[in-house]
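Asks: Submitted below is the structure of interest, expressed as structure tokens.
The values are calculated or read from the model by the stated rules, or taken from the named source; none is laboratory data. Because the structure is a prediction, the values reported are computed rather than measured. In this analysis, Cβ positions are derived from the backbone assuming ideal geometry, glycine residues included, and neighbour counts consider all displayed protein chains. Surface areas here come from the heavy atoms of the whole protein model, side chains and all, with no ligands, DNA or RNA. Shrake-Rupley method; radii C 1.70, N 1.55, O 1.52, S 1.80 Å.
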Amino acid sequence: IGLESRISKVISIEDGFVAVGSTITDENEKYQILLVKIDETGEIIWTKLFGADGDDFGYDVISLDDGFLVLGTTSSKSLGVSGRYDAYVVRLAENGNVVWDKSFGGPDWDRAYKISKVEDKFVFVGDNYAKGKDVTQNFGEHDYWIVAFSNEGKIIWDRSFGGVRWDRAYAVGYDAKNKQIIVAGSSNSFTDGTRYDGYVVSYDINGNLLWQTVLTNSQTLWPMDLYVTADSIFVGGYVYEFSNAPNSEKLGTEKAFIAKLSLNGEVEYVKTFGENVRIHSVICNSQNQGQELHDVVYFAGYKYDYEKKVPWYGVFEFNRNSNLVNIFEKTVDTEYGMLFSISKDEKRNVFMLSGSIM
């Protein structure tokens, strides 16, 4: 579809799959949000494009009883953007027709990456850059931005988390048992400014901060996704580790990480693995893993190999008795590409991977 396209998220529905991403149709156009419905054989049922006079990017989609909710970021002034970018939400019927669309933001740079259903409302996360309009708090430069809104697209509450430097939220999940919203992202506000730590924060459904936890490996750590099970929180992303080897030509390397936290934010472990890799997405089996002796996390991202990035995915297994980690990994043979999401269809017992390739 178009000159350049990427799929950021794919979900399963009753009669197939729905994928969201971005596309640019010709060199004189801007990026538009791409939404595609696909049947069980992979045939495209319909394609929808959303956007206006600016660049518009689609990052997440969730299924509703009567349609879908698409989340993205827009720079289109005709869609009500007052700064450089706004978060953008589109409510769609099952046939892909727009029910309503809303832009959310302040006077500068506001983006949104992930969305979750939370009881009778929705929550998206991203970052803001300045206070004003829909942004009620800003502590410095970029802050985490957590926004709860109604079925009609009305903001119920918004919260910012961060400090004087750069803080960006990339993932959100919901712990229904304890009624808490879990958010993960990166921050250099609470370091000397040269190193990013991961921060996982919890809010109740009214927007009250419950706890905050730092993930660090003494260098740079970026959480990109999280998954909440019945008894744990798993976070995935990447770290940058500087090389200690004398006369090394490389300053350092990127490695993948999987972290496990309890539902009250206590860090059980942070495990790194791989070389020149990044995790963008993680999931677990839906059933409670607490009865098992090992943790199993499925991941997707990319591997940088021989001067090119290739789509990379696999399974992380951690045996809690022996403290041993096993990694099963695969790559997609292509000139260049990466994966942005992994999800599982429990009914069909299949995994869906999505991203872009050359």
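Asks: Output yes when any residue across region 240-250 is open to solvent by 10 Å² or more (accessible area, probe 1.4 Å) and at pLDDT 95 or above, and no when none is. Give the derivation first.
Replies: At the first step, the residues of region 240-250 found to be open to solvent by 10 Å² or more (accessible area, probe 1.4 Å) are 240-250.
Right, trim to at pLDDT 95 or above and you get none.
Checked against the condition, which is being open to solvent by 10 Å² or more (accessible area, probe 1.4 Å) and at pLDDT 95 or above, region 240-250 yields no hits at all.
Asks: Next question, about the same structure. Can you tell me which residue is surrounded by the fewest Cβ atoms within 10 Å (Cβ to Cβ) among those in region 78-132 that are closer than 17 Å to VAL18 by Cβ and among the basic types (Lys, Arg)?
Replies: Among residues in region 78-132 that are closer than 17 Å to VAL18 by Cβ and among the basic types (Lys, Arg), the one surrounded by the fewest Cβ atoms within 10 Å (Cβ to Cβ) is LYS117.
Asks: Please count how many residues of region 94-118 are small (Gly, Ala, Ser) and in a strand (DSSP E or B).
Replies: Matching residues across region 94-118 total 3.
Asks: Continuing with this model, one more query. Can you name every residue in region 119-161 that is farther than 18 Å from VAL183 by Cβ and part of a strand (DSSP E or B)?
Replies: Across region 119-161, the qualifying residue is only GLY132.
Asks: Okay, moving on. Residues in region 162-195 that are among the hydroxyl-bearing types (Ser, Thr, Tyr), open to solvent by less than 20 Å² (accessible area, probe 1.4 Å) and touching a Pro at 6+ places or on another chain (Cβ under 8 Å): how many?
Replies: Going through region 162-195, the residues among the hydroxyl-bearing types (Ser, Thr, Tyr) turn out to be 170, 174, 186-187, 189, 191, 194.
Filter once more, keeping what is open to solvent by less than 20 Å² (accessible area, probe 1.4 Å): 186-187, 189.
If we keep only those that are touching a Pro at 6+ places or on another chain (Cβ under 8 Å) as well, we get 186.
So the answer is 1.
Each row is one residue, and each column tells you yes or no for (1) more than 17 Å from the chain's Cα centre (by Cα); (2) closer than 30 Å to GLU141 by Cα; (3) among the hydrophobic types (A, V, I, L, M, F, W, C).
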residue: GLY2; (1), (2), (3): yes, no, no
residue: VAL20; (1), (2), (3): no, yes, yes
residue: THR25; (1), (2), (3): yes, no, no
residue: TYR31; (1), (2), (3): yes, yes, no
residue: ILE45; (1), (2), (3): yes, no, yes
residue: SER78; (1), (2), (3): yes, yes, no
residue: VAL90; (1), (2), (3): yes, yes, yes
residue: TRP100; (1), (2), (3): yes, no, yes
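Asks: Next question. Would you confirm whether any residue within region 202-215 is surrounded by 14 or more Cβ atoms within 10 Å (Cβ to Cβ), part of a strand (DSSP E or B), of a type in the set (Ser, Thr, Tyr) and in contact with a Pro (Cβ under 8 Å, 6 or more places away or on another chain)?
Replies: Looking for residues that are surrounded by 14 or more Cβ atoms within 10 Å (Cβ to Cβ), part of a strand (DSSP E or B), of a type in the set (Ser, Thr, Tyr) and in contact with a Pro (Cβ under 8 Å, 6 or more places away or on another chain), one finds none in region 202-215, hence no.
Asks: Hey, any hits in region 128-150 for a residue that's of a type in the set (S, T, N, Q), in contact with a Lys or Arg (Cβ under 7 Å, 6 or more places away or on another chain) and under 27 Å from LEU251 (Cβ atoms)?
Replies: First pass over region 128-150, keeping only residues of a type in the set (S, T, N, Q): 128, 136-138, 150.
Going one step further and asking which of them are in contact with a Lys or Arg (Cβ under 7 Å, 6 or more places away or on another chain), we end up with 137-138, 150.
Narrowing the set further to residues that are under 27 Å from LEU251 (Cβ atoms) leaves none.
Scanning region 128-150, I find no residue that is of a type in the set (S, T, N, Q), in contact with a Lys or Arg (Cβ under 7 Å, 6 or more places away or on another chain) and under 27 Å from LEU251 (Cβ atoms), so the answer is no.
Asks: If I ask for residues that are touching a residue at least 40 places away in the same chain (Cβ under 8 Å) and of a type outside the set (D, E, K, R), which ones from region 77-96 would you list?
Replies: Within region 77-96, SER82, GLY83, ALA87, TYR88, VAL89, VAL90, LEU92, ASN95, GLY96 meet the criteria.
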